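Participant: First the structure, then my questions, so here it is.
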């Protein structure tokens, strides 16, 4: 179990969108229904996976013309603001401090404390916002899924084995990087 923040370190129970946007939290929080929702981050496996994905995408930034940004706030509707673990945007595209347009992809890296229902709410927000490439990576199970309107889809390796059968997280990264050119990560196994 992860230690909880001290009561005075927690975000306020309720706040306005303007108050949220003018505040900073460490780690940053999502903003849903007038409240800041804490995100589960900071474990070794979570941080290592986010770092690995950033490095992989940084190596491909020129040929794919993308930029990988961790914990970038994104307005996914009139009031909700989500903070994905990793956001992939097009290099040379609009620069906003808080995104108001769908990025090329978002990646959520699960933490042992993440609840399925809360994760699905985030994924639904991303899909409603128009993000076509939504990935969920589970470092503990060594697996990755894509999320579409049809549901979650386990990413398959080129040999047809799902990634949890392998001990090497390179399959997750390979699945993302080989999906399509320029990082538009929609594997052939994903249904729409």
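Participant: Inspect all residues belonging to the stretch 152-169 and state whether any of them is at pLDDT 80 or above, buried (at least 16 other Cβ atoms within 10 Å of the Cβ) and under 13 Å from the mean Cα position of the chain (by Cα).
Facilitator: No, the stretch 152-169 contains no residue that is at pLDDT 80 or above, buried (at least 16 other Cβ atoms within 10 Å of the Cβ) and under 13 Å from the mean Cα position of the chain (by Cα).
Participant: Take the residues in the stretch 114-151 that are in a loop (DSSP other than H, G, I, E, B) and touching a strand residue (DSSP E or B) at 6+ places or on another chain (Cβ under 7 Å); name whichever of them is nearest to residue 53 (Cα to Cα).
Facilitator: So the residue we want is 139.
Participant: Out of (1) touching a strand residue (DSSP E or B) at 6+ places or on another chain (Cβ under 9 Å); (2) at pLDDT 90 or above; (3) farther than 21 Å from residue 150 by Cβ, the odd one out for residue 97 is which?
Facilitator: Answer for residue 97: the failing condition is (1).
Participant: For the stretch 61-81, give me each residue that is surrounded by fewer than 17 Cβ atoms within 10 Å (Cβ to Cβ) and in a loop (DSSP other than H, G, I, E, B).
Facilitator: If the condition is that a residue be surrounded by fewer than 17 Cβ atoms within 10 Å (Cβ to Cβ) and in a loop (DSSP other than H, G, I, E, B), then 65, 71, 77, 78, 79 are the ones that fit.
The values are calculated or read from the model by the stated rules, or taken from the named source; none is laboratory data. Quick caveat: nothing in here was measured; it's all calculated off a predicted structure. So basically every Cβ, Gly included, is an ideal-geometry build from the backbone, and we count neighbours across all protein chains shown.
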